[in-house]
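Asker: Just dropping this structure here.
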Amino acid sequence: MSKILLIGGTDPSGAGLQTDWQVAHYLGVNASSVVSAVTSQNSEGVFDQGVLAYSQIKSQLDSIKSEPFTVIKIGMLGNADAVKAVVEFIASNNQLLKSKHRKAFVIADPVLASSSGGALMDEAGKQAFLSDLLPLITLITPNSDELESLTGISISNEQDLATAAQQLITLGAKNVLVKGGHLYNANDTNQSNDLFVSVDGSANIKGEEESFYLSGERWKNRSNVRGTGCSLATAIACQLSLGFPLNDSIVYAKALISNGIRNASLTENNQYKLQFSHYDTHHPFELMDMPKLVKHAEMLSKNFNFACCDAVSDSNSGNIICNKEPNNKLGIYPVVDSLEWLQKLIPLGIKTIQLRIKDQHPDDVEEDIIAAIKLAKKYNVRLFINDYWQLAVKHQAYGIHLGQEDLDDADMASIAQSGCRLGVSTHSYTEVARTLAINPSYIALGPIYETTSKIMPWIPQGVTAVEKWVNLLGKQFPLVAIGGINYQRAAALKQTGIGSVAMISAIIKTENYELATEELLELWEDV
Ligand SMILES: Cc1ncc(COP(=O)(O)OP(=O)(O)O)c(N)n1
Ligand SMILES: Cc1ncsc1CCOP(=O)(O)O
């Protein structure tokens, strides 16, 4: 079982160390905890507080330092002495981890004041935090008030948020997640938008710098839920300890906290307390809790409406009507690299297929794309064109399939307007969150098993993950599993309730493609 260290102040009323510990327990993560301060507070105010002496914090930390922690979450510290004790501990913890060629992930929620207003960090402590602790922190998670206080930049809109986050980076932060819950967007007050900026390449599996906004529902009448900031940072720490990359940990944690706010229960003192849905084998949140991820602030207000798979045009109005039969299940879905393969497979009864030609000049593929579209229309087959979206739009293909990198350049509005369906590949929580912002016609999940057809950094997700995705996304989106799928694996995936399985090698690299196709079609006949 993975184990994390929680350092922070106690709060008897629904935030602080006790809440951190509950979140860790809920996510199945074992936590050690060290008290830096004791507070008496509730939603009406902070009545008393005392930061423990340097020696008391240090001796607690000394008592657990034999086994190094790989993830440390820091909440309230209170003053410069507490910061000093923690800085020294992180340095010695990292020394112990050196033989494993790594450093601890340190997630710091810079608790400067209570949500009810009382100050929880003195000025010298704030300065020590910035000069001594910030360089050791992997991710800092201020809200907009804390970011203002740490940077001295006043924040009233998304642009200010981005400027202040950059300023924190200039001061030494590597990854900043600014919680926008306190900031009301003039365009849409129903959404709370967080900004994530990463400059050291540690946030994602590809080692790239990245920044994005996460937009979540602002649940009505739930504005004074306490402990949301502590819980978010702790949930991120937990997901990191379970092996998720930082960007996915953030998306997952935001969904979890959104669920906790939506289900918050009212306590006797008229205060909402985070309450998570009960979960067992599925996600501890629902689709409505998942944030939408966009890369640029101007995308926050954009909505797309792609045609549904199996949609037909109303002959009078021309409007797209969603025909739910056959329940948006796309079935056996071969992915092929030539017109010849389409000509071989379509007559066998394939109803969904993708033409995936790589690295050719559009002029060199246009003729084949035109012929493929014509053939697919003749047999009433759903043909998705991979990558060449302008040609697909120009020649009115049934659909387009795009990967995440393609989303940066493709013109979503014109694809949506053309009536072409859009399928999007995903490999992680971050990519699913980005895809939800696009609201495509289907979502592909991969790699499910190890694949020899494409080099990629993700480890196979497995059948259990597909079950979870079906549960989370399957009521709203047709789903397609891809990666290493053959007959036996398709049979296992059928049990998850997924509507479609896509494959390259199991059809086009077999000795008898006709037999392989017929067997797969028969297996999926009743789906
Ligand atoms: C059905 C389906 N799912 C995933 C992919 C992969 O698409 P992408 O990420 O764009 O990668 P390439 O296919 O371009 O290598 C797919 N093609 N089809
Ligand atoms: C393009 C792609 N995207 C995710 S896995 C994959 C390759 C699928 O090929 P195969 O079915 O041969 O594993």
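Every residue, every condition in (1) in a loop (DSSP other than H, G, I, E, B); (2) more than 23 Å from V71 (Cα to Cα); (3) at pLDDT 95 or above, yes or no:
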{"site": "G229", "(1), (2), (3)": "no, no, no"}
{"site": "T234", "(1), (2), (3)": "no, no, yes"}
{"site": "G243", "(1), (2), (3)": "yes, no, no"}
{"site": "N270", "(1), (2), (3)": "yes, yes, no"}
{"site": "H283", "(1), (2), (3)": "yes, no, no"}
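Asker: Of all residues in segment 492-516, which are touching a helix residue (DSSP H, G or I) at 6+ places or on another chain (Cβ under 8 Å), over 21 Å from H282 (Cα atoms), in a helix (DSSP H, G or I) and more than 16 Å from ligand 1 (Cβ to nearest atom)?
Answerer: Across segment 492-516, the qualifying residues are Y513, E514, A516.
Rundown of residues vs (1) within 24 Å of R226 (Cβ to Cβ); (2) in the same structural domain as L52 (by TED's automatic domain parsing); (3) touching a Lys or Arg at 6+ places or on another chain (Cβ under 8 Å), yes/no style:
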site: M76; (1), (2), (3): yes, yes, no
site: A80; (1), (2), (3): no, yes, no
site: I107; (1), (2), (3): yes, yes, yes
site: N143; (1), (2), (3): yes, yes, yes
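Asker: Filter segment 381-418 for residues that are within 13 Å of ligand 1 (Cβ to nearest atom) and within 18 Å of C308 (Cα to Cα) and give the result.
Answerer: R382, L383, F384, I385, N386, W389, G399, I400, H401, L402
Asker: Restricting the first residue to segment 277-298 and requiring it to be over 18 Å from S192 (Cβ atoms), which pairs with a second residue that is part of a loop (DSSP other than H, G, I, E, B) and small (G, A, S) meet a Cβ separation below 7 Å and a spacing of at least six or different chains?
Answerer: Close Cβ pairs (under 7 Å, with a partner that is part of a loop (DSSP other than H, G, I, E, B) and small (G, A, S)) amount to P284/S277.
Asker: Identify, from the list P457, P478, the residue that is touching a residue at least 60 places away in the same chain (Cβ under 8 Å) and crowded, with 19+ Cβ neighbours inside 10 Å.
Answerer: P478
Asker: In this structure, is A492 more than 9 Å from ligand 2 (Cβ to nearest atom) and more than 19 Å from the chain's Cα centre (by Cα)?
Answerer: Yes: the conditions hold for A492.
Asker: Do you know which of the residues in segment 413-432 that are under 15 Å from K292 (Cα atoms) and either of a type in the set (D, E, K, R) or touching a residue at least 24 places away in the same chain (Cβ under 8 Å) (or both) is surrounded by the most Cβ atoms within 10 Å (Cβ to Cβ)?
Answerer: T430
Asker: Related question: Among the numbered criteria (1) touching a residue at least 40 places away in the same chain (Cβ under 8 Å); (2) out of contact with any His (no Cβ under 8 Å at 6 or more places or on another chain), which single criterion is violated by N386?
Answerer: (2)
The values are calculated or read from the model by the stated rules, or taken from the named source; none is laboratory data. What you see is a predicted model, and the numbers here were worked out from it, not measured in a lab. As a convention, Cβ positions derive from the backbone with ideal geometry for all residues, glycine included, and neighbour counts pool all protein chains shown.
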